[in-house]
Amino acid sequence: MHLPKKTIFDSKIANFFLHYLARFVLFIMGWRIEGKSPDVKKFVLIAAPHTSNWDYFFTLLMAFALKLNIYAMGKKELCEGRLGKIVMWLGIIPIDRSKSSNTVDSAIEAFHQNEKMIMVIPPSGTRGRVKRWKSGFYYVALGAGVPISLGYLDYSTKTGSTGPLFTPTGNYEADMIDIKKHYKNFQGKYPDMTLHYLPVEVPA
């Protein structure tokens, strides 16, 4: 896993202005942040529901508004070409989906090597329609010994949050029922994709 050496979050001057700019843009667009950021140095931040490229735009605004220094996994194609350096400067970690790799192990090692780290991982693995979540985010958190922040963007209410913290127990099936239950009523930008995205096994 190749972490960008420097990102926009490393500039104290830029972050000072972007903090207030992000809060202003969110206000103008009718969005509000619920709650505060977790008071821990390391955690995996779930990005859900993920149905649009706009999701990372709002995630960035939320990060600046909450003064969070984040990294986010993204397909390697986003980090190529002329715009690639800009994308990585925004905190995107290039992931090659065409190859089986040790992405989970690399992410765990990144957590071990850094005193502070927030890694955003969309559990769906894509913004398209899916029937089940990928398990990578869970095993990254479990292996690194860090909590999972149940963050969300709810387009139906225009609210976003880092959400509560969840500590994985190692019982994947049981933990996923509890985690997905948290997302039961949230809606992505494209509702038809969100419906396929939500868990069917969660009890009413």
Suppose we filter Lys134, Lys116 for residues that are within 17 Å of Lys42 (Cα to Cα) and at pLDDT below 95; which single one remains?
Lys116
Just one of (1) modelled with pLDDT of 85 or more; (2) touching a Gly at 6+ places or on another chain (Cβ under 8 Å); (3) surrounded by fewer than 16 Cβ atoms within 10 Å (Cβ to Cβ) trips up Lys67, so point out which.
(2)
Mind checking whether some residue in the range 81-92 is assigned to a helix (DSSP H, G or I), among the β-branched types (Val, Ile, Thr) and modelled with pLDDT of 90 or more?
no
Every residue in the range 14-48 that is without any contact (Cβ under 8 Å) to a residue 24 or more places away in the chain and not small (Gly, Ala, Ser), please.
Phe16, Phe17, Tyr20, Phe24, Phe27, Ile28, Asp39
Please state which one of Pro199, Pro147 is modelled with pLDDT of 95 or more and of a type outside the set (A, V, I, L, M, F, W, C).
Pro147
Name the residues in the range 27-42 that are in contact with a Phe, Trp or Tyr (Cβ under 9 Å, 6 or more places away or on another chain) and within 19 Å of Asp10 (Cα to Cα), would you?
Lys42
Would you pick out the residues in the range 41-57 that are in contact with a helix residue (DSSP H, G or I) (Cβ under 8 Å, 6 or more places away or on another chain) and either surrounded by 20 or more Cβ atoms within 10 Å (Cβ to Cβ) or assigned to a loop (DSSP other than H, G, I, E, B) (or both)?
Phe43, Val44, Ile46, Ala47, Ala48, Pro49, His50, Thr51
Within the range 58-80, can one find any residue that is closer than 21 Å to Thr167 by Cα, assigned to a helix (DSSP H, G or I) and of a type in the set (A, V, I, L, M)?
no
Quick check on the range 162-179: of everything there that is surrounded by 20 or more Cβ atoms within 10 Å (Cβ to Cβ), at negative phi and touching a Phe, Trp or Tyr at 6+ places or on another chain (Cβ under 8 Å), which residue is modelled with the highest pLDDT?
Pro168
Which pairs do you get when a residue that is more than 25 Å from Tyr20 (Cβ to Cβ), found in the range 49-61, comes within reach of a residue that is crowded, with 23+ Cβ neighbours inside 10 Å and among the hydrophobic types (A, V, I, L, M, F, W, C), reach meaning Cβ atoms under 8 angstrom, with the pair 6+ apart or on two chains?
Pro49/Leu153
Condition first: surrounded by 12 or more Cβ atoms within 10 Å (Cβ to Cβ), part of a helix (DSSP H, G or I) and not β-branched (Val, Ile, Thr). Can you find one or more residues in the range 28-40 that meet it?
no
Does the range 4-15 contain at least one residue that is of a type in the set (Lys, Arg) and either touching a Leu at 6+ places or on another chain (Cβ under 8 Å) or assigned to a strand (DSSP E or B) (or both)?
no
On the basis of being in contact (Cβ under 8 Å) with a residue 60 or more places away in the chain, of a type in the set (A, V, I, L, M, F, W, C) and touching a helix residue (DSSP H, G or I) at 6+ places or on another chain (Cβ under 8 Å), does Leu68 make the cut?
yes
Going by the structure shown, is Lys42 under 14 Å from the mean Cα position of the chain (by Cα), among the charged types (D, E, K, R) and at pLDDT 90 or above?
yes
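The values are calculated or read from the model by the stated rules, or taken from the named source; none is laboratory data. Values in this document were obtained by computation on a predicted structure and should not be read as measured data. All Cβ positions, even for glycine, are placed from backbone atoms using ideal geometry, and neighbour counts span all protein chains on display.
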